[in-house]
Amino acid sequence: MKHADLPPLPIGSVYGPSACATVQLYLAVLEDVSPEQAQLVFEHIKSCAQCRAELRLLRQVARCSGGWRLAWSGGFSSGCC
Ligand SMILES: [Zn+2]
């Protein structure tokens with residue numbers, strides 16, 4: 001699945017609510033974005049506590065339903081935790 005309709009990622013030291021909103025959109029579809037886009041996402045996350053917290057939350061949900069890949073390909077499973 002492609003996500004060509006996503007807004008462009010903030011590049012370099014662009015921070016603020018709109019940059020974070022964009023990064024968090026990409027976090028939700030991280031399996032489908034290009035390596036270059038993922039790189040930009042993680043560059044942002046390294047220096048943004050808010051997006052780091054968001055990623056941690058997403059990963060907790062993924063782990064809880066049986067793994068990152070499974071969580072995103074199959075939706076959130078029922079009976080989680
Ligand atoms: Zn951020």
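The values are calculated or read from the model by the stated rules, or taken from the named source; none is laboratory data. What you see is a predicted model, and the numbers here were worked out from it, not measured in a lab. With ideal geometry, Cβ positions are generated from the backbone for all residues, glycine too; neighbour counts draw on all protein chains shown.
Some observations on this one:
- Filtered residues of segment 42-61 (kept if surrounded by fewer than 17 Cβ atoms within 10 Å (Cβ to Cβ) and assigned to a loop (DSSP other than H, G, I, E, B)): Ser47
- Single match in Val23, Val33 (criterion: at pLDDT 90 or above and in contact with an Asp or Glu (Cβ under 9 Å, 6 or more places away or on another chain)): Val23
- Among residues of segment 20-38, those that are touching a helix residue (DSSP H, G or I) at 6+ places or on another chain (Cβ under 7 Å) and within 9 Å of the ligand (Cβ to nearest atom), counted: 3
- Flag for Ser47 being polar (S, T, N, Q) and more than 9 Å from the ligand (Cβ to nearest atom): no
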